[in-house]
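Visitor: Can you keep this structure in mind? I'll have questions shortly.
The values are calculated or read from the model by the stated rules, or taken from the named source; none is laboratory data. All figures in this text were calculated on a predicted structure; none of them were measured in a lab. Methodologically, a virtual Cβ is constructed for each residue, glycine included, from the backbone with ideal geometry; neighbour enumeration extends over all protein chains shown. SASA here: full protein model, heavy atoms, side chains in, ligands and nucleic acids out. Shrake-Rupley method; radii C 1.70, N 1.55, O 1.52, S 1.80 Å.
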Amino acid sequence: MPVRLSEKWMLVRRTLDKIWNVYWFFVTYANIDGFDPMQHLLPVSQRGELDRWILSELQLTIREVTKGLESYDSSMPSTVMQEFLDNLSNWYLRRSRERIWKTELDNDKMGAYLTLYECLTTLITLLAPFIPFTTEELYQNLVRSVKRQAPLGVHLCDGPQVKEELIDEQLTSETHLVMRIVGLGRSAREKAQIKVRQPLNALYVRVPNRIEEEALLRLKDQVLEELNIKHLELMGENSDMLAYTLKPRVKVLGPKYGPLVQKILAKFKALDAHGVQEAVKVLNETGKLIITLDGQQVELTPDEIEVVATARPGFVAAEERGYVVALETTITPELREEGLVRDLTHYVQDMRKKAGLNIEDHIALALYTDEELASILNRHRETLQSETLADVLYISANGQEVPALNEVYRETVAPNEMKKLENYRVEVVLGRV
């Protein structure tokens, strides 16, 4: 069935929106900090791992796009650039926000700005043949506005060249490992129906080999930050954390093996827990599982057998081709408090936008609630102030009077409102300082 024109437009629109969001983020904060890409310089070797990773990905993207266009293939370059844009937006930019939100323009923040600028300007050059008018608009503001001797338009620029010295295959591999584990962790959270803003205690992880174990332990802080989890532990082969089930994919096996399918099903059904675990281990390590039926060897692949990992009570598991995570789902009173504060912080940040405040504007904040929640919020006062840019914070319990604010916005968080905080009711007032 052919793709409808409206569906094609939505695919293009999502890509354009993503480019625009990255561009808007860079321009907004670069203007706030007075960042000038022609004046601020920092060698790539002195930048952080995150910067060096995305620049390595950029070089690989340039290589693949150039290769495709030289072969008159526009499909493959489009796919590669979409993947790079996803990495830039969904991983690099999200993990760089805290660096850019810092007050001082130190080397870490400068490295983020320079890297983001190089990625954007290179990407719009690569995209120019595909979306000529949008890339021209971005080029004029990003390049011509700061470098008058640059070519008059993006379509007069030479194609970018691969900088081989910036390609770091190990860093690329390790970052994709972290992204994979984070993806599985999010899947586990979705199964447990626990949002990411709610902190959790521990994530237990199994990866296929020792090299990846070492890399994961070295980079575990990234996983913990992304998933909002306190601890990460590795699971051994003999861990009792998980139980496995093997489910042959009948629709895939049927056309290939015909009458043998029933015998394959019976073979797997007869396996005990130890036999299933051994079969999973072989399948993950070798990429195939060989069984014997009526004197005939049958070789099965991961596409033909679904491996389902089930965690013990109090945990939720997610698995993908030998990579397994088990998420501890118990929420202690301390974790619950942190989750409440994170939710309220998120709501206040949304209210700042509704009030028309600029990103860098500091505020006065008043919270009117009951005694129980007021006590919780007072324990987390410093976090609330720093995350919402509140120079002044008043927390009123049971109608206690607080000094009047230069009010600019007011909204209620309650069980019957769009914004909810369990069964608590909070009246939030924002003021200018």
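Visitor: When you check Leu58 against the structure, is it within 14 Å of Leu114 (Cα to Cα) and touching a helix residue (DSSP H, G or I) at 6+ places or on another chain (Cβ under 6 Å), yes or no?
Guide: The answer is yes for Leu58.
Visitor: So, in the stretch 108-123, exactly how many residues are modelled with pLDDT under 95 and farther than 15 Å from Phe35 by Cβ?
Guide: Result for the stretch 108-123: 0.
Visitor: Can you list the helices (runs of 4 or more DSSP H) lying wholly within the stretch 53-151 that have 3 or more residues being under 18 Å from the mean Cα position of the chain (by Cα) and farther than 20 Å from Leu166 by Cβ?
Guide: By residue number, 94-101.
Visitor: Of the residues Arg144, Arg206, Arg189, only one is open to solvent by less than 40 Å² (accessible area, probe 1.4 Å) and over 25 Å from Phe315 (Cβ atoms); which?
Guide: Arg144
Visitor: Among the residues of the stretch 350-377, what is the count of those that are open to solvent by 70 Å² or more (accessible area, probe 1.4 Å) and in a helix (DSSP H, G or I)?
Guide: Qualifying residue count for the region: 4.
Visitor: Here's a follow-up. Can you spot a residue in the stretch 292-306 that is at pLDDT 85 or above, assigned to a helix (DSSP H, G or I) and acidic (Asp, Glu)?
Guide: For the stretch 292-306, residues at pLDDT 85 or above, assigned to a helix (DSSP H, G or I) and acidic (Asp, Glu): absent.
Visitor: Those residues that are in a strand (DSSP E or B) and either open to solvent by 90 Å² or more (accessible area, probe 1.4 Å) or under 23 Å from Val178 (Cα atoms) (or both), I need them from the stretch 245-257; list them, please.
Guide: Lys247
Visitor: With respect to Thr330, is the statement that it is hydroxyl-bearing (Ser, Thr, Tyr) and not in a loop (DSSP other than H, G, I, E, B) true?
Guide: Considered against the rule, which asks whether it is hydroxyl-bearing (Ser, Thr, Tyr) and not in a loop (DSSP other than H, G, I, E, B), Thr330 comes out as no.
Visitor: Mind checking which pairs have a first residue in the stretch 163-186 that is touching a residue at least 12 places away in the same chain (Cβ under 8 Å) and surrounded by fewer than 17 Cβ atoms within 10 Å (Cβ to Cβ) and a second that is among the polar types (S, T, N, Q) and not in a helix (DSSP H, G or I), Cβ under 8 Å, 6 or more apart or different chains?
Guide: Here the result reads none, with nothing in the stretch 163-186 linked to a residue that is among the polar types (S, T, N, Q) and not in a helix (DSSP H, G or I).
Visitor: Checking the conditions here, which among Val22, Val27, Val12 is β-branched (Val, Ile, Thr), under 20 Å from the mean Cα position of the chain (by Cα) and in a helix (DSSP H, G or I)?
Guide: Testing whether each residue is β-branched (Val, Ile, Thr), under 20 Å from the mean Cα position of the chain (by Cα) and in a helix (DSSP H, G or I) leaves just Val22.
Visitor: Look at Val316 and say whether it is in a strand (DSSP E or B) and open to solvent by less than 40 Å² (accessible area, probe 1.4 Å).
Guide: Taking the combined requirement at face value, the residue satisfies it.
Visitor: Moving on to the next point. Take Val402 and decide whether it is over 18 Å from Gln198 (Cα atoms), in a loop (DSSP other than H, G, I, E, B), open to solvent by less than 50 Å² (accessible area, probe 1.4 Å) and of a type outside the set (Phe, Trp, Tyr).
Guide: Considered against the rule, which asks whether it is over 18 Å from Gln198 (Cα atoms), in a loop (DSSP other than H, G, I, E, B), open to solvent by less than 50 Å² (accessible area, probe 1.4 Å) and of a type outside the set (Phe, Trp, Tyr), Val402 comes out as yes.
Visitor: Which numbered condition trips up Glu334, out of (1) at pLDDT below 95; (2) under 26 Å from the mean Cα position of the chain (by Cα); (3) open to solvent by 40 Å² or more (accessible area, probe 1.4 Å)?
Guide: Every listed condition holds for Glu334 apart from (1).
Visitor: Quick check: is even one residue across the stretch 230-244 polar (S, T, N, Q), at pLDDT below 95 and open to solvent by less than 50 Å² (accessible area, probe 1.4 Å)?
Guide: Yes: one or more hits.
Visitor: So which residues in the stretch 193-214 are touching a Phe, Trp or Tyr at 6+ places or on another chain (Cβ under 9 Å) and part of a helix (DSSP H, G or I), if there are any at all?
Guide: Within the stretch 193-214, just Glu212 meets the criteria.
Visitor: If Phe130 meets every condition in (1) at pLDDT below 95; (2) surrounded by fewer than 14 Cβ atoms within 10 Å (Cβ to Cβ) apart from one, which number is that one?
Guide: Unmet condition: (2).
Visitor: Answer with yes or no whether Arg63 is open to solvent by 80 Å² or more (accessible area, probe 1.4 Å) and either charged (D, E, K, R) or modelled with pLDDT of 95 or more (or both).
Guide: Criteria met by Arg63.
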